[in-house]
Amino acid sequence: MPHPVPAAPAGAVPPAPGSLAAGLRHPVALLRWLWLAYMTPGRPGRPTGETELRWIYTAWLGAFLLKMLGSSWDVSWHFKWLRDDLAPPHLLNSAGTAVVVALVVFHSYSGYGVDRRALRLMQWGIGTFLVAIPVDIVNHRVNGLDITSWSPSHALLYIGTAIMLAGAIRGWWLYAAPGRVRTLVSLGLWLFFVENVVFPNQHQEYGVLSLRAYEAGRTTAEPQLLDFAASQGQTPTMFMLPVPSWVHPAWLVCAGLLSLVVARRVVGLRWTATVVAGTYLAYRAVMWAGLVAMGFPPSVLPLALLAGAVCVDLAVTRGLPGWSAAPATAVVVYAAGRLQDAAGVLPPWNWSWWSVALVVAAFTVLWSAVDVVGRSARFADWRRPVEPGLPAAAAPAGGAPSR
């Protein structure tokens with residue numbers, strides 16, 4: 001039988017647990033060791049060992065896993081029940097947020113595992129997220145049902161999450177030693193980033209099936225939800241599919257695929273975009289099965305994202321510029337969407353020529369902009385750690401390979 005970490009004299013740092021598993025078996029002793037060993041004041045860029053970095057960023061992964069599970073459940077919940085501030089998915093998401101807050105406080109106080117820019121991103125991100133929470137609560141009180149993922153208050157939540165994730169991605173990539181672990185953790189952080197970016201589209205992905213079930217006379221929504229919507233002057237179509245049909249494909253391509261382009265360039269692994277998109281879709285499929293088993297509404301999956309991810313990886317590997325790779329990639333996504341649409345598992349897409357042309361043009365401009373920024377001297381300087389007392393030019397280069 002393993003024994004607890006032995007007590008140490010007052011003021012002394014107790015010995016570290018032999019492994020993460022041993023520490024988790026005795027959480028009080030583990031927290032005491034962590035507090036005495038690492039909660040000491042320091043400045044960003046403070047030397048941090050590889051073991052400590054892995055522990056810190058494993059906690060980041062765990063926090064965002066809780067947030068992702070909670071938010072995924074939350075979407076399905078809102079297509080079945082009326083909103084409740086203390087609903088189980090909200091509490092699960094809040095648990096992840098609490099861990100994030102603790103991590104940002106830890107980084108801010110100790111200076112471990114971050115440079116100044118990464119820390120500022122974390123602080124601004126969690127600050128934006130925490131401000132958005134009461135704004136969202138007030139929004140629901142004022143506007144009634146408002147389950148749409150596309151409301152301004154929800155946008156603040158996504159923006160805050162994206163900013164804090166950008167800080168975590170930067171901190172890990174700058175200070176972790178090159179190798180398999182750095183790549184795997186980076187892929188995990190980028191998975192959460194991409195999931196957060198494409199999250200708003202889940203409204204239409206749930207809404208299309210919920211509306212179909214309602215029109216067929218076998219609604220998946222509880223009567224109280226439909227009655228409340230009617231009292232607010234909303235039809236089932238208005239709250240199940242609240243945005244124009246051009247929004248879903250435009251956001252999937254111009255936000256979702258653009259995130260995968262950046263992830264591919266930062267991580268540098270040949271199949272980065274494909275792995276991230278495939279893992280995301282596998283996660284959505286598992287959540288689909290679990291939620292349906294618990295009696296919650298199902299959704300369609302954005303399988304066209306995977307087709308675009310494969311194109312992104314092939315284009316970056318072959319060194320194709322954005323102005324030529326982006327149009328071809330967008331066309332492949334629309335072709336994959338056509339197949340999904342024919343199978344009846346796609347939210348409404350606008351197939352008019354002008355809508356498709358605008359999305360292709362916008363994605364081409366955005367990918368080309370990523371190319372320009374990636375080649376700039378300013379970006380090369382940005383990739384270096386910014387630490388107190390250490391000029392950026394003299395700092396060891398972090399960042400990623402360009403291909």
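Quick notes on this one:
- Sorted on the mean count of surrounding Cβ atoms within 10 Å across their residues, most packed first, peptides 254-266, 352-364 read 254-266, 352-364.
- Annotation: amide H of R46 within the under-5 Å range of G113, V114, sequence separation 5 or more or interchain, hydrogens built in the peptide plane.
- Percent RCO, i.e. relative contact order, over the stretch 64-119, from Cα pairs under 8 Å lying at least 6 residues apart: 39 percent
- Relative contact order (%) - the stretch 244-385, alpha-carbon pairs under 8 angstrom, separation at least six: 32 percent
- With θ taken as phi - 60° and the Karplus curve 6.51 cos²θ - 1.76 cosθ + 1.60 applied, the whole-hertz 3J(HN,Hα) list for the stretch 309-314 is 5, 4, 5, 4, 4, 5 Hz, x standing for glycine and proline.
- Computed packing ranks the peptides 159-172, 107-120, 238-251 as 159-172, 107-120, 238-251, most packed first, by mean other Cβ atoms within 10 Å.
- The stretch 189-202 - phi-based ³J(HN,Hα) in whole Hz, Karplus 6.51/-1.76/1.60, Gly and Pro as x: 5, 5, 4, 5, 5, 5, 4, 5, 5, 8, 3, x, 5, 5
- In order along the stretch 25-42, phi translates into HN-Hα couplings of 6, 9, x, 5, 5, 5, 5, 5, 5, 4, 5, 5, 7, 10, 7, 10, x, x Hz, rounded to whole numbers, per the Karplus curve 6.51 cos²θ - 1.76 cosθ + 1.60 with θ = phi - 60° and x for Gly and Pro.
- Fewest neighbouring Cβ atoms within 10 Å first, the residues F379, F199, F79 line up as F379, F199, F79.
- Protection proxy ranking of 37-43, 294-300 - average other beta-carbon atoms within 10 Å, highest first: 294-300, 37-43
- Kirkwood hydrodynamic radius over Cα pairs of the stretch 33-242, then Stokes diffusion coefficient at 37 °C and 0.692 mPa s, in µm²/s: 177 µm²/s
- Taking 0.36 nm per residue of separation and subtracting the current Cα-Cα distance, fully stretching the chain between M294 and S108 would add 62.9 nm.
- Virtual spin-label span in nm between E50 and W81, 7 Å along Cα→Cβ: 4.6 nm
- When you restrict to C-alpha pairs under 8 Å that are six or more residues apart and normalise by the size of the stretch 64-217, the relative contact order lands at 26 percent.
Where a number appears in this text, it was derived from the coordinates with a stated rule and is not lab data. Please read all numbers here as calculations on a predicted model, not as lab measurements. With ideal geometry, Cβ positions are generated from the backbone for all residues, glycine too; neighbour counts draw on all protein chains shown.
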